[in-house]
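The values are calculated or read from the model by the stated rules, or taken from the named source; none is laboratory data. Source: prediction; values computed, not measured. Neighbour counts are summed over all protein chains in view; Cβ atoms, including those assigned to glycine, are modelled from backbone coordinates with ideal geometry. What goes into the accessible areas is simple: the full protein's heavy atoms, side chains included, and nothing from ligands, DNA or RNA. Shrake-Rupley method; radii C 1.70, N 1.55, O 1.52, S 1.80 Å.
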Amino acid sequence: MRSVLPLRMTSLLPIKPHIVTHLSDITGVVLPFAAIVLWSLSLPSVDVGRMTDLGLVSVLPVSIIIALVILTISFCLTLRQPKLRMPIILLHLFLLIFMLYGITTLVEEAPRFTAVYWNAGYTEYIMRTGTVDPSLDAYFSWPGFFVLSAFVTRITEYHDILPLAAWAPVFFNLIYLGPLYMIFTSATTDKRLVWLGLLFFYLTNWIGQDYFSPQGFNFFLYLVIIAILLKWFKVTTEAQPRIPGPLRQHLGRFSPPVQGLYTWLTAPDTLCTPSQPRQRIALLICLVFVFALVVFSHPLTPFFVLASVTTLVIFRRCTPRWLPILMALMTGAWIIFMTQAFLVGHLYFVTGDLGQVSNTITANVTARVMQGSPEHIFIVVMRVVMTAAIWGLAFVGAVFRLRRRYRDVSYILLAIAPFSLIVANSYDGEMLLRIYLFSLPPMVFFAAAPFYTTSNSGMSRKMTAAVAGVSLILLGGFLFTRYGNERMDYITYAEVDGAHYLYSIAPPHSLLIAGWDVGPMQFQDFEKYSYASLADVPSNAITAQDVNVIVQLAQSQKTSDAYLIITRSQKAAAELSSGLAPGAMDRLEDALLRSGKFELIYSKPDAQILKYAY
Amino acid sequence: MKRLPWLWPAIIVLSTVATCLVTFVITDIAVRPFIVLWFLFVCPGMALVRFFRLEELVVEWILALALSFAIDAIVAGILLYAGRWSPTGTLGILMGISLGGAILQIGLDSPISLIRRTRVSTK
């Protein structure tokens, strides 16, 4: 057994190799525990109230960053051991997930992120009424996730889903671990590459779709479907059809690179898990059942599954051939029979961007980069840079493995397939974010590949230093990219109390105007109210304190009552995302009160409610 | 790792009984969410995945989790669309699926069935 110490050292010291291994194991446990203790002790000194537009990183004490650095370096050192200890590596990954994705739940007050409250509202509607109403909201046409949430909340006897929702990022990232491990181990037998790929996944999953949401849940189901196909349904060497004679002659006319590409594309996978026909049938039934839940619970994920599965089948990477057809039929049937109420009024939303790639890129990237405060623009640029970095590293890794004759066609196709959806829809400016997420597993696998090209490569000091260096860069990038919007994403108890007060006094059918399109809204009785937001008003009207524009908004829905709620997170969002000057919302509030057309009915440091006097 | 054929059926049966107790009998108990969540997220799927005989613990866990989510949501969804939304009714159906799967596993792995299968394969 090789020792981690250089040969010269081990020959000088009277230490036996197994003692060195035990010492390494002890270090592999002590360092992560030291990191979690340091991290836990440092949490009370995080003051989220002092956060700037750089996000959470602006209030993190150095000790928390040191703890994360210790854990990351310890993980890289663990990968350097001649014999990998799965429990020690898992300990590192569990702690990393907890520290990276659970920190906001521990240092902030109420569950973070506006969409969590909307999703809690859909759940509350089902809990209260026992039905769904597709005419109210698009998500009621794909209610699977909310039905499950409502059922779980009722049966655990929680008042609402929010106490559980706060831990969704940690829970989702933990359950992603299993199928990701299956996907990576179906690509390589080198466990170092598998574990480093997993580390890279958690250091680059800044996209933030793992909050309490259908898409965070459905990403797990997507990973499970892909993992089943790659593990048991790859086309083996024996099953791979030979190139027919006429086609071979036809190919002979092409240049050698084209012939090489075709041979590479159709070369069978070498790593396959043997299975009995009965097992394969059972696994297929399981896969179809899981896909049924995907179809039932999210409008977009079925298309990502379809894109990936169809690509794998077309390029003869997996069987059965009829699977994409069945999946397309299931998706089509659900859309035709169950989502009519949504489609009637929103067909343009579905088909409007078809083929408009430039529109999608503008909505997803350019519009985001150009708006907001300088710090926020820095965060957005960091996201673009970190995305380019991980994709670039993945490209290098793919070329590395290609030159070493690894047959990674399935994984390269899975990295590319999600991009096909860019022609379909801008998805309200979020399509590129989703594409990043769905292509991330193969991307991080290839990004890790240059470091572990053979079964014992990456164990040298230089390579370990390189692995640690890249991991630390990704960690640094993660802290900015993941929590860069935190000043507007975190929500205080006072804000939630303000929203509860509003729902307690506002009569049904009132218009509720939010100070901006964030904050704790719509989490209860959401079908009973109309909603609007000052984000829909031109920002110069807010800067100029134009009361008439706000009055027009209050009268626009012709409701009996109208209320304006302005909370801390809404003020932060107005400054962060639209570039409004600090204090602009406060000055508008003063102007509204001075006009006599609005009356202050609730005032706490983080939430004010104004009633429009008709 | 040696496969213990009685372990998972026993865990599923005990989990089902525990969930039944904390939901319908001793409802005011602090550990109720943990027991119920464990049951909902693991047991219905594990009751079926064990029939696949995959021999890999990690893989069984992953499929059990995904299948449990699917069974929970689809059963609850069918009742909802049928106009019979009932969390306790849904839980009852899930308990039935879990118990049925566990009992069938015990039956298939019992010494008598093992002897029968051995005889068939010898013939």
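Could you check the stretch A:123-143 and list, in sequence order, the residues that are more than 9 Å from every other protein chain (Cβ to nearest Cβ) and open to solvent by 10 Å² or more (accessible area, probe 1.4 Å)? Working first, answer last.
Going through the stretch A:123-143, the residues more than 9 Å from every other protein chain (Cβ to nearest Cβ) turn out to be A:123-125, A:128, A:133-142.
Result: A:Glu124, A:Tyr125, A:Arg128, A:Asp133, A:Pro134, A:Ser135, A:Leu136, A:Asp137, A:Ala138, A:Tyr139, A:Trp142.
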| query | Do any helices (runs of 4 or more DSSP H) lying entirely in the stretch A:541-604 carry at least 3 residues that are farther than 20 Å from A:Thr492 by Cβ, and which ones are they? | reply | A:547-555, A:584-595
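Which of the residues belonging to the stretch B:23-36 are in a helix (DSSP H, G or I) and over 13 Å from the mean Cα position of the chain (by Cα)? Break it down stepwise before answering.
Of all residues in the stretch B:23-36, those in a helix (DSSP H, G or I) come to B:23-25, B:32-36.
Of everything in the stretch B:23-36, those that are in a helix (DSSP H, G or I) and over 13 Å from the mean Cα position of the chain (by Cα) turn out to be B:Thr23, B:Phe24, B:Val25, B:Arg32, B:Pro33, B:Phe34, B:Ile35.
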| task | State yes or no: is A:Leu221 within 14 Å of chain B (Cβ to nearest Cβ), assigned to a helix (DSSP H, G or I) and open to solvent by less than 10 Å² (accessible area, probe 1.4 Å)? | result | yes
| request: Taking the residues in the stretch A:289-304 that are closer than 23 Å to A:Leu440 by Cβ and within 13 Å of chain B (Cβ to nearest Cβ) as candidates, determine which candidate is surrounded by the most Cβ atoms within 10 Å (Cβ to Cβ). | output: A:Val294
| query | In this structure, does A:Ile566 turn out to be farther than 21 Å from A:Glu486 by Cβ and of a type outside the set (S, T, N, Q)? | reply | no
| said: One residue is enough: does the stretch A:273-288 have a residue meeting the conditions closer than 26 Å to A:Leu402 by Cα and within 14 Å of chain B (Cβ to nearest Cβ)? | reply: yes
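Condition check ((1) touching a residue at least 60 places away in the same chain (Cβ under 8 Å); (2) in contact with a helix residue (DSSP H, G or I) (Cβ under 7 Å, 6 or more places away or on another chain)) across all residues:
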site: A:Ser373; (1), (2): yes, yes
site: A:Phe378; (1), (2): yes, no
site: A:Arg383; (1), (2): yes, yes
site: A:Met386; (1), (2): yes, yes
site: A:Gly392; (1), (2): no, no
site: A:Val399; (1), (2): no, no
site: A:Arg403; (1), (2): no, no
site: A:Ser410; (1), (2): yes, yes
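Residues checked against (1) more than 9 Å from every other protein chain (Cβ to nearest Cβ); (2) surrounded by fewer than 24 Cβ atoms within 10 Å (Cβ to Cβ); (3) among the small types (Gly, Ala, Ser):
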position: B:Pro33; (1), (2), (3): no, yes, no
position: B:Val42; (1), (2), (3): yes, yes, no
position: B:Glu55; (1), (2), (3): yes, yes, no
position: B:Leu63; (1), (2), (3): no, no, no
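Tell me the residue from A:Leu84, A:Leu90, A:Leu71 that is in contact (Cβ under 8 Å) with a residue 24 or more places away in the chain and part of a helix (DSSP H, G or I), please. I'd like the intermediate steps shown before the answer.
Values: A:Leu84 fails: part of a helix (DSSP H, G or I); A:Leu90 fails: in contact (Cβ under 8 Å) with a residue 24 or more places away in the chain.
None of the other options fit; the residue is A:Leu71.
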| task | Filter the stretch A:144-178 down to residues that are over 20 Å from B:Phe39 (Cβ atoms) and in contact with a Ser or Thr (Cβ under 6 Å, 6 or more places away or on another chain) and give me whichever is most open to solvent (accessible area, probe 1.4 Å). | result | A:Ala166
| said: Looking at the stretch A:529-570 only, could you name the residues that are of a type in the set (D, E, K, R) and in contact with a His (Cβ under 7 Å, 6 or more places away or on another chain)? | reply: none
| All positions within the stretch B:65-111 that are more than 10 Å from chain A (Cβ to nearest Cβ), hydrophobic (A, V, I, L, M, F, W, C) and out of contact with any helix residue (DSSP H, G or I) (no Cβ under 6 Å at 6 or more places or on another chain) | B:Ala82, B:Ile103, B:Leu104, B:Leu108
| Any residue in the stretch B:96-104 that is open to solvent by 30 Å² or more (accessible area, probe 1.4 Å), at pLDDT below 95 and assigned to a helix (DSSP H, G or I)? | yes
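For the condition at pLDDT below 80, of a type in the set (D, E, K, R) and crowded, with 20+ Cβ neighbours inside 10 Å, what is the one hit in A:Arg383, A:Arg368? Give the steps one after another, and end with the answer.
Values: A:Arg383 fails: at pLDDT below 80.
None of the other options fit; the residue is A:Arg368.
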